1. Can you give me the long-range amide H partners of G120? Hydrogens built in the peptide plane at 1.01 Å from N, cutoff under 5 Å, separation of 5 or more residues or another chain.
2. Along the range 120-135, what does the Karplus equation 6.51 cos²θ - 1.76 cosθ + 1.60 (θ = phi - 60°) give for ³J(HN,Hα), rounded to whole Hz, x for Gly and Pro?
3. N43 versus S93, label points 7 Å from Cα toward the beta carbon: distance in nm?
4. Using a Förster distance of 22 angstrom, determine the FRET efficiency expected from the C-beta separation of K77 and H118, and round it to 0.05.
5. Just to check I understand the Karplus step: with θ = phi - 60° and J = 6.51 cos²θ - 1.76 cosθ + 1.60, what whole-Hz values come out for the range 203-214, glycine and proline as x?
6. Can you tell me how much longer the chain between Q191 and T141 gets when fully stretched, taken as 0.36 nm per residue apart minus their C-alpha distance, in nm with one decimal?
7. Of the listed peptides 104-113, 199-208, what is their order by residue-averaged count of other C-beta atoms within 10 Å, with the highest listed first?
8. Can you list the HN-Hα couplings for the range 170-179, worked out from phi with the Karplus curve (6.51, -1.76, 1.60; θ = phi - 60°), rounded to whole Hz and with x for Gly and Pro?
Amino acid sequence: MKYYLNSKQLLVIFIVFTISGFTGIATAEVGKVVLLHGLARSNASMNGLQEALQNKGFDTCNIDYPSRKYPIEVLAKDHVLPQIQKCFGNLNSQICFVTHSMGGIIVRYLSGKKLIPHMGRVVMLSPPNQGSEIVDRLGGTKLFQLINGPAGAQLGTDNNSMPLRLGAADFEVGIITGNRSINLILSLLIQGKDDGKVSIERAKLQGMKDFMVLPSAHPFIMKSSMAIKQTIYFLNHGNFKKIKE
């Protein structure tokens, strides 16, 4: 005996299968992630992170930009933004970011100036979100200027500090920083526990969604297996996975 479904029964079945995700009509978009290296580094420093993200299905854009040649605002508008557009075609879809050090400040600039219309989740690794005392002490020296350029001079804690002028986060951001130093001389210039370049407290940002400290030094945190795992977890869930003590 044949059994025919009425219109109400068909509607219920359609709604149930749509909610369950079995209709095949709509599929989730693969996440787009921009990777930004830190000051005086290259995109090669983010290769391990990029590979891990790609293995999890993320569409990545690992940008190389001349971090030592221009101020932060020029780097953001004239170098990073055009490469994002080149990678992804347009800015009409949500874009996430994974950054190291000064890369996080560039993202804050892009967001603050509304240059990324659909800002997704952001993971910052060892960012100088409240500047660094190292710049205050050494920023006026010729050696510092030669190595770090105009952008480096903007990362202090005084009234000229770009990080302090950018304000609170208006996007979902998780921050991972380290508590190990390979440069004890620089650490002497920093108040509180630090990663050799930035103190734990100065890595924090008002409005951040989550915060984590790992046993890592500033130059290597992007290569930490735990940092990579936590980065992927935050991009998927909006928080870090709690580590059992």
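The values are calculated or read from the model by the stated rules, or taken from the named source; none is laboratory data. Just so you know, these numbers come straight off a predicted model, no measurement behind them. Cβ coordinates were reconstructed from backbone atoms using ideal geometry, including for glycine residues, and neighbour counts include every protein chain displayed. Quick note on the areas: whole protein, heavy atoms, side chains included, nothing else; ligands and nucleic acids left out. Shrake-Rupley method; radii C 1.70, N 1.55, O 1.52, S 1.80 Å.
1. Close amide H contacts, sequence-distant or interchain: I95, C96.
2. For the range 120-135, the Karplus-derived couplings read x, 6, 10, 10, 10, 9, 6, x, x, 5, 10, x, 9, 5, 4, 5 Hz, x marking Gly and Pro.
3. 1.8
4. Rounded to the nearest 0.05, the efficiency is 0.75.
5. 7, 6, 9, 4, x, 5, 7, 7, 8, 8, 10, 10
6. Full extension from Q191 to T141 adds 15.9 nm.
7. Going from most to least packed, we get 104-113, 199-208.
8. Result, rounded to whole Hz: 10, 8, 6, 9, x, 10, 10, 10, x, 10.
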